[in-house]
Amino acid sequence: MLIIAQALAMLGVALAVALAGTGSAIGIGYVGQVASGILREDPGKFGKMMLLVALPGTQGIYGFVVGFLLMNKLNLIGGGANIEWSMGLGLQGLAAGLPIALAGLFSAIHQGKVCASGSSLVAKQPDAMGKALILGVFVEFYAVLGLLVSIFLINGMQV
């Protein structure tokens with residue numbers, strides 16, 4: 001029972017980090033491809049492209065933060081010592097990682113698409129950078145909600 005409970009909690013950590021990070025990698029890939037083409041034609045737009053390329057990477061950071069907070073809460077970094085493990089605790093750990101795992105995965109992918117389109121906009125209209133960023137940030141909002149719910153669930157865990 002102890003091993004299964006710990007494994008469930010570790011699965012919550014792994015999903016938070018892996019899925020949010022995967023979404024970020026895919027999202028950055030989308031916008032990075034478009035930005036590279038734009039920079040081939042106009043290297044002077046590097047600063048603007050860098051911001052749009054970096055934006056989908058935040059979900060991976062959020063997933064890492066949740067993974068760290070969850071490991072810290074459950075003392076998994078120290079091997080789970082001084083924790084009274086139960087199936088309920090393991091399931092709480094799994095559940096706490098899921099909001100940012102799923103919100104991070106999907107929002108980063110779609111944010112990458114929005115930022116790729118925004119890069120094309122900025123290539124033609126450099127003054128539209130603010131508009132392109134705002135559109136990308138709208139997608140970010142849902143990743144932030146996933147982050148907050150995961151943090152609230154971690155704080156509410158009965159350890």
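When Rg and the Kirkwood Rh are both derived from Cα coordinates, the Rg/Rh ratio for the chain amounts to 1.14.
Just checking the listed ones, S36, S24, S107: in the Gaussian network model of the chain with Cα springs under 10 Å, the one fluctuating most is S36.
Across the stretch 28-45, in residue order, what do the Karplus-derived ³J(HN,Hα) couplings come to in whole Hz, using 6.51 cos²θ - 1.76 cosθ + 1.60 with θ = phi - 60° and x for Gly and Pro? Working through the residues one at a time gives 5, x, 4, 6, x, 5, 5, 4, 4, x, 5, 5, 4, 8, 8, x, x, 8 Hz. Report summary: the helix-based calculation at 222 nm, which adds -39500 (n - 2.57) for every DSSP H run with n ≥ 4 and divides by the residues of the chain, gives -29000 deg cm²/dmol. Placing unit charges on the Cβ atoms of the charged side chains and taking the dipole of the chain about its Cα centre, the candidate lying farthest along the positive direction among V137, S86, S107 is V137.
Backbone geometry of the stretch 9-14 corresponds, through the Karplus equation with coefficients 6.51, -1.76 and 1.60 at θ = phi - 60°, to 3J(HN,Hα) couplings of 5, 5, 5, x, 5, 4 Hz, x marking Gly and Pro. Centroid-to-centroid, using Cα positions, the stretch 118-159 and the stretch 15-43 are 15 Å apart.
Just so you know, all these numbers are worked out from the coordinates, no wet-lab data involved. Please read these numbers as outputs of a predicted model, since none were measured by experiment. So basically every Cβ, Gly included, is an ideal-geometry build from the backbone, and we count neighbours across all protein chains shown.
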